[in-house]
1. I'd like to verify a number: residues in the stretch 114-140 that are touching a Pro at 6+ places or on another chain (Cβ under 9 Å) and within 16 Å of ligand 2 (Cβ to nearest atom), how many?
2. Give just the number: which of (1) modelled with pLDDT of 95 or more; (2) more than 16 Å from ligand 1 (Cβ to nearest atom) does Pro225 not satisfy?
3. What tally of residues in the stretch 134-143 results from selecting those that are over 19 Å from Arg71 (Cβ atoms) and either at pLDDT 95 or above or in a strand (DSSP E or B) (or both)?
4. Only residues that are more than 15 Å from ligand 2 (Cβ to nearest atom) and under 18 Å from the mean Cα position of the chain (by Cα): list them for the stretch 146-159, please.
5. Looking at the stretch 115-133, can you tell me whether even one residue there is in a loop (DSSP other than H, G, I, E, B), within 14 Å of ligand 1 (Cβ to nearest atom), at pLDDT 95 or above and farther than 23 Å from His77 by Cα?
6. Could you tell me which residue of the stretch 39-66 is surrounded by the most Cβ atoms within 10 Å (Cβ to Cβ), considering only residues that are farther than 17 Å from Gly88 by Cβ and within 18 Å of the chain's Cα centre (by Cα)?
7. Could you tell me which numbered condition Leu29 fails, if it satisfies all but one of (1) in contact with a Lys or Arg (Cβ under 8 Å, 6 or more places away or on another chain); (2) closer than 28 Å to Ala126 by Cα; (3) crowded, with 21+ Cβ neighbours inside 10 Å?
8. Determine which member of the set Gly101, Gly107 is modelled with pLDDT under 95, within 16 Å of ligand 1 (Cβ to nearest atom) and farther than 17 Å from Gln40 by Cβ.
Amino acid sequence: MAEKTMSGMTDEEKFRFDLTGFLVRPAILTPDETAGIIDQIDRIHDDPESLAPEERSMPGGAASLLIDHPRIIEVLHEIIGPELRLEGSYCIRREKGQQHGELHGGGPNQIDPIFGYRFQNGRIHAGMVRVVFELTAVGKDDGATHFIAGSHKANFPMHPDHSSLGEGERSEFLTSYECPAGSAVFFTENLCHAGPVWQRDTPRYAVLNAYAHLATHWHRLRVEPEVMRSLPREKQAYFREPWIADFSTSPATHNSVERFLNNEEAPIDTDRQA
Ligand SMILES: O=C(O)CCC(=O)C(=O)O
Ligand SMILES: [Fe+2]
């Protein structure tokens with residue numbers, strides 16, 4: 001009998017993620033790690049020439065440690081599945097008054113293979129999951145990512161009475177989080193969410209990575225070739241081609257991480273960029 005593997009999430013984390021659609025893991029990065037990535041983001045904005053080409057965009061340079069951070073991957077294995085891809089990665093240095101935008105997502109998309117959120121046979125099957133790495137401490141009213149809790153499982157489309165970020169017009173289900181520097185915030189892309197106006201005098205530094213099941217692909221990959229080439233093979237594995245099995249071989253070939261690591265010829269997705 002196969003050995004029972006330990007779950008990478010506590011029961012409370014699973015309950016919380018299933019109930020609300022998001023989850024915060026506080027302070028999983030060290031102060032040195034967060035400082036290194038903040039410095040990289042500052043240089044990307046102010047002085048890109050001071051960085052090597054492979055550090056000038058995500059997910060290269062200091063931020064590359066986030067790609068396969070064990071405290072992230074153990075959650076993603078639990079809520080997406082054992083075979084993962086990194087769909088896309090971007091960083092922000094959001095100044096006071098800037099925003100990402102209004103509430104979006106949520107509602108009856110459970111059937112959608114890209115975004116859908118399902119629970120069956122005792123486990124979560126989330127579509128795309130966004131991981132926000134908050135690199136500075138965030139307070140509840142700072143204007144970090146906001147969510148309509150539970151909307152990832154809503155059966156009706158988002159109602160206009162619950163779709164505004166306007167003062168005095170906010171849904172009672174609209175919520176956010178506070179967390180120390182170096183925290184990770186996971187949310188299913190089926191959850192209604194927004195990046196509202198940043199309220200604090202000091203900027204919001206964050207890296208936002210989107211993960212998906214190996215077999216699905218929403219974002220066209222836009223990782224710079226220099227960045228991709230610079231990553232160790234273990235991290236490149238998160239950008240392998242989006243397929244599961246090749247039945248032209250006998251036995252069938254599975255597009256596993258192990259195969260990718262053992263086969264130097266196995267292409268990375270960036271090879272197909274044009
Ligand atoms: O900027 C934010 O807080 C949210 C970003 C967002 O909506 C997204 O990346 O899908
Ligand atoms: Fe979004």
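The values are calculated or read from the model by the stated rules, or taken from the named source; none is laboratory data. Given the structure is predicted, the values throughout are model-derived calculations rather than measurements. Ideal geometry is used to build each Cβ from the backbone, glycine not excepted, and the neighbour counts take in all protein chains shown.
1. We begin by selecting, within the stretch 114-140, every residue touching a Pro at 6+ places or on another chain (Cβ under 9 Å); these are 127, 134, 136-138.
This time we only want the ones that are within 16 Å of ligand 2 (Cβ to nearest atom), so: 127, 134.
Going through the stretch 114-140 one residue at a time, the tally reaches 2.
2. (1)
3. To start, the set of residues in the stretch 134-143 that are over 19 Å from Arg71 (Cβ atoms) comprises 139-143.
Next, from what is left, pick out any that are either at pLDDT 95 or above or in a strand (DSSP E or B) (or both): 139, 142-143.
Number satisfying all stated conditions: 3.
4. Of the residues in the stretch 146-159, the ones more than 15 Å from ligand 2 (Cβ to nearest atom) are 149-150, 153-157, 159.
The answer is Ala149, and nothing else.
5. We begin by selecting, within the stretch 115-133, every residue in a loop (DSSP other than H, G, I, E, B); these are 115-116, 121-122, 127-128.
Within this subset, residues satisfying the condition of being within 14 Å of ligand 1 (Cβ to nearest atom) are 115, 127-128.
Narrowing the set further to residues that are at pLDDT 95 or above leaves 127-128.
With the extra rule that they be farther than 23 Å from His77 by Cα, the set shrinks to none.
No - not one qualifying residue is present in the stretch 115-133.
6. Just the residues of the stretch 39-66 that are farther than 17 Å from Gly88 by Cβ, to begin with: 39-40, 42-43, 45-55, 62, 65.
The next check asks that each one be within 18 Å of the chain's Cα centre (by Cα); those that pass are 62, 65.
On the way: Ala62: 21, Leu65: 16.
The qualifying residue surrounded by the most Cβ atoms within 10 Å (Cβ to Cβ) is Ala62.
7. (1)
8. Details: Gly101 fails: modelled with pLDDT under 95.
Criteria check complete, one pass: Gly107.
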